[in-house]
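Okay, so here's the structure we're looking at.
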Number of protein chains: 4
Amino acid sequence: MTTSTDPTPFATLLSRCAPEWEAYRQHAFVRGLAAGTLPAEAFRRYLRQDYLFLVHFARAWGLAVYKSRTIAELRQGLDSLKAIVDLEMGLHVDYCARWGIDEAELEALPEARETMAYTRYVLDAGHRGDLLDLHVALAPCLVGYADIARWIETQAFTVRGPANPYEAWIAMYASEEFQAAAQAERDWLDARLSGQTAGRLDGLAATFRDAVRLEVDFWQMGLDGAGA
Amino acid sequence: MTTSTDPTPFATLLSRCAPEWEAYRQHAFVRGLAAGTLPAEAFRRYLRQDYLFLVHFARAWGLAVYKSRTIAELRQGLDSLKAIVDLEMGLHVDYCARWGIDEAELEALPEARETMAYTRYVLDAGHRGDLLDLHVALAPCLVGYADIARWIETQAFTVRGPANPYEAWIAMYASEEFQAAAQAERDWLDARLSGQTAGRLDGLAATFRDAVRLEVDFWQMGLDGAGA
Amino acid sequence: MTTSTDPTPFATLLSRCAPEWEAYRQHAFVRGLAAGTLPAEAFRRYLRQDYLFLVHFARAWGLAVYKSRTIAELRQGLDSLKAIVDLEMGLHVDYCARWGIDEAELEALPEARETMAYTRYVLDAGHRGDLLDLHVALAPCLVGYADIARWIETQAFTVRGPANPYEAWIAMYASEEFQAAAQAERDWLDARLSGQTAGRLDGLAATFRDAVRLEVDFWQMGLDGAGA
Amino acid sequence: MTTSTDPTPFATLLSRCAPEWEAYRQHAFVRGLAAGTLPAEAFRRYLRQDYLFLVHFARAWGLAVYKSRTIAELRQGLDSLKAIVDLEMGLHVDYCARWGIDEAELEALPEARETMAYTRYVLDAGHRGDLLDLHVALAPCLVGYADIARWIETQAFTVRGPANPYEAWIAMYASEEFQAAAQAERDWLDARLSGQTAGRLDGLAATFRDAVRLEVDFWQMGLDGAGA
């Protein structure tokens, strides 16, 4: 996150929530994915809830479209919606199938508390504030998954390739395409965060911190699923 | 609108606002389009504002995505967004170019009061109520344009083909594709309106009537543009 | 609006929309109120629609309560709501009664396009943006009426006292209490506008200008009522 | 909940979520309040978070004001806001003081996940749907606390009077005033639920069930506080 030059505004926001960010990035669930040692049942629990998460994530990008002021913002929201609804949901259904979760099961799933907590927090942050508040609340997801995939790639205990049952998950988020989307989001955030008042930045840092905490809970929910 | 069998719930809604609907469908602006006699300046004024309208129309469909409860509703909203942002906006820019309005002019346009009135009314109806309220407020646009195109096709004074400078406009909304989209919307509305309480239907009829009145104003704004 | 020292941020915002602000403040409707020459029918049309306006104005302050981040903001929104619902609506009903408009008529009123346009614009500005956007869109009303009352007080053609049938209207908005409420709003706006980026201020100025334009239309609607 | 005659629409909604409702009403936290055996630290954790809850509860009633369609609905929302901001928040601060929690501590509190989960769920249910969805999501709180106080009053293990450190809490929610407010809400819900389609009632029951589950978590959060 640090460079030889001044940190960007988003990097500064991140550094204000460093303990929460590390708790998120280095969570036991993530370590288990990296090492390939995560219990399958934990992953299945995560996968199922992540499908429900995607539905609300799509709703959040719908809200972003509503909140747009420019054609560029409209297109940004629409592109995210397409990525989620046209691409990720399908991949998710396929992925779930490979792990023995069929579509009928996905449709009938009860929503876990941790899924409700994070998704509704994001939606309320977006409604209460403006487009920037919404993006900041969403950042732990898009920017976070990209950062986590890069972190996994650099750990000594990480196992890549067919020996790791979670290779496909790691590869997706480490992919050039996903990394580029996350970088585009960071660039957008840097441009928008630049020049904001200290009071505004405090509020955004609080939103970001809460959102990261709720992402930590989401990993934990998966892990707890292994014992259920 | 009438058939030999019972009217559908949406047809009943329409029949409750028949004077407003006819004022919309048979407006002097529409007659001018049909006969090819509309002053070019009136059409240009309409075209320019319709571009701004599209931006808020896209925002309304973003709101519809946010308000969705099912994957089918998410996809319906996304499909409408794609149609507007990926297709209609581009067509509109091309169309404007043919009428001597360039993109830079479109970007810098001040928003007419009539554009603000209708678009913001729709957005508030959607926020205040649920997805059905939003669709009902949007119906005069999608369903209305399809109905108007069909009405134009049956009038004795209508001129079709190259002799009518507005042929492209008529052809677009009379096209099978647009008519099918409008019919799909009517079907969705019929399914949702069915079985609603009388009080709920009264509220929706009021929303629909107001939205139609504001569409009438939108035509009038175009017409007034000819005298400016 | 100008002082010997630097203008406040809100005064700067005002000065960016000076032509619209003067069109609002010095509108023929306002001049007619000041001189006591406004046709009674114009005033009645305004009064009726202003009642409907109050309903949506209350909704806007409900939205402000929703958008609050602090107890102070909650209380600010609640105080405005109380002022509107507990006080102004009652005064309005009484006032209307004195002008021969009874409450049953008020309840059954169709909403004028100008009422819809301004109120829905404010509500959308508030939903799309944050609490500051909402306040800026509301400012032409609260701050504007106070400014207009002060302007009336300094005009040579103004008639005060029983000779002016609109004395009660002028006195209400010129009252110390209303002026203090408007000043409190200006102070809040000055505090919030301070330190905002140039891009943010441009956006807020555009919102403010549009809202002022729609207030001008609201006066005009009253005036047009005299000829109806 | 049952009577010799047909159950009301709200009673039917309740009966569809009977297991969740009983888990809420008979939670160990509630039993501890009734018997006076709840660890003080559990109550303190609950009290602190309930203060934050009130802030978002007020925001929810602000949203209800925004969503109103009639003067009666405006007043209903405003009355609830006054009860929360003018009355309950003050009582809460006093109550907290008696339990050794000062106002400065309240202002600086981090929000527990369970507080975020329930409050944001309610706010999103209200935004996504209409005023009825919002009320249904809020019902476990207002109607639930009244029902819980009545349930406490009928249990053999309940201790009333100075021997129970939670007497004031029980007395407040068992009070005629609070019971009357809850009954008014039930009456409103019965009127609105009546005649709704089966599909609509299914959706509302799902919202109600989720909200009750999140209230159960809120009790559990208090209880977990005792061990922290």
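The values are calculated or read from the model by the stated rules, or taken from the named source; none is laboratory data. This one's a predicted model, so the numbers in the text were calculated from it and none came from an experiment. Glycine also receives a Cβ, built like all others from the backbone with ideal geometry; neighbour counts cover every protein chain displayed. Heavy atoms of the whole protein, side chains included, go into the accessibility calculation; ligands, DNA and RNA do not. Shrake-Rupley method; radii C 1.70, N 1.55, O 1.52, S 1.80 Å.
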- Mind checking the angle between helix A:113-128 and chain A's longest principal axis? C-alpha axes, 0 to 90 degrees, to the nearest 10. 20 degrees
- Query: When each copy gets a label point 7 Å from Cα toward the beta-carbon at B:R150, what are the spacings between them in nm, shortest first?
  - Reply: 5.3, 5.6, 5.9
- Let a ≥ b ≥ c be the square roots of the eigenvalues of the Cα gyration tensor of segment D:1-136; is it rounded (a/c under 1.5), or, if not, prolate (a/b larger than b/c) or oblate? oblate
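Hey, got the average number of other protein chain Cβ atoms within 10 angstrom for residues in B:77-86?
Mean inter-chain Cβ contacts per residue within 10 Å come to 4.
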- Task: Could you check the simple spin-label distance between A:E176 and D:D190, using points 7 Å along Cα→Cβ, in nm with one decimal?
- Result: 6.7 nm
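How large is the accessible surface per residue of segment C:1-48, computed with a 1.4 Å probe and reported in Å² as a whole number? List each step's numbers first, then the result.
Values: 2190 Å² over 48 residues.
Computed with neighbouring chains in place, this is 46 Å² per residue.
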- Expected vector for segment C:202-213, Karplus 3J(HN,Hα) from phi with 6.51, -1.76, 1.60 and θ = phi - 60°, integer Hz, x for Gly and Pro, equals 4, x, 5, 5, 5, 4, 4, 4, 4, 5, 5, 4
- Message: Given the rotation relating B and A, tell me which residue in B puts its Cβ closest to the axis and the distance in Å.
- Response: B:G62, 2
- Item | Using alpha-carbon coordinates, inclination of helix A:131-153 to the longest axis of chain A, degrees | 50 degrees
- Long-range alpha-carbon pairs in the protein assembly as shown, meaning those over 47 Å apart, account in percent for 28 percent
- Item | Accessible solvent surface per residue of segment C:109-148, calculated while the other protein chains remain in place, 1.4 angstrom probe, Å² | 13 Å²
- Task: Among B:P165, B:P110, B:P19, determine the one that fluctuates most according to a GNM of chain B built with springs between C-alpha atoms less than 10 Å apart.
- Result: B:P110
- Calculate for the protein assembly as shown the 222 nm mean residue ellipticity that helices alone would give, adding -39,500 (n - 2.57) per DSSP H run of length 4 or more and normalising by residue count, nearest 500 deg cm²/dmol. -25000 deg cm²/dmol
- Which of B:D86, B:D147, B:D210 moves the most in a Gaussian network model of chain B with Cα springs under 10 Å? B:D86
- Query: Taking K and R as +1 and D and E as -1, what net charge do the other residues with C-beta under 13 Å from the C-beta of D:G36 add up to?
  - Reply: +1
- Task: Show which lysines lie in cross-link reach of B:K67 when reach means a straight Cα distance below 22 angstrom and same-chain residues fewer than eight apart are skipped.
- Result: A:K67, A:K82, B:K82, C:K67, D:K67
- C:S175 - accessible surface, heavy atoms, 1.4 Å probe, Å² rounded to 10: 40 Å²
- C:S194, D:S80, ranked by accessible area, largest first (probe 1.4 Å): C:S194, D:S80
- Message: So the label point sits 7 Å from Cα along the Cα-to-Cβ vector; using that for A:R69, what distances do you get to the other copies, in nanometres, sorted shortest first?
- Response: 1.6, 3.3, 3.5
- From the label point of D:E103, set 7 Å from Cα along Cα→Cβ, how far away are the matching label points in the other copies, in nm, ordered shortest to longest? 3.8, 5.7, 5.8
- Task: With springs only between Cα atoms under 10 Å apart, run a GNM on chain C and tell me which of C:A108, C:A171, C:A58 wobbles the most.
- Result: C:A108
- Message: So for chain B, averaging the separation of alpha carbon pairs under 8 Å that are six or more residues apart and normalising by length, what relative contact order in percent results?
- Response: 39 percent
- What is the ratio of the Cα radius of gyration of chain C to 2.2 N^0.38 Å, where N is its residue count, to two decimals? 0.99
- Note on the structure: Under a 1.4 Å probe, counting only protein heavy atoms, B:F178 has an accessible area in Å², nearest 10, of 30 Å²
- What's the center-to-center distance, using Cα atoms, between segment A:55-119 and segment C:153-228 in Å? 45 Å
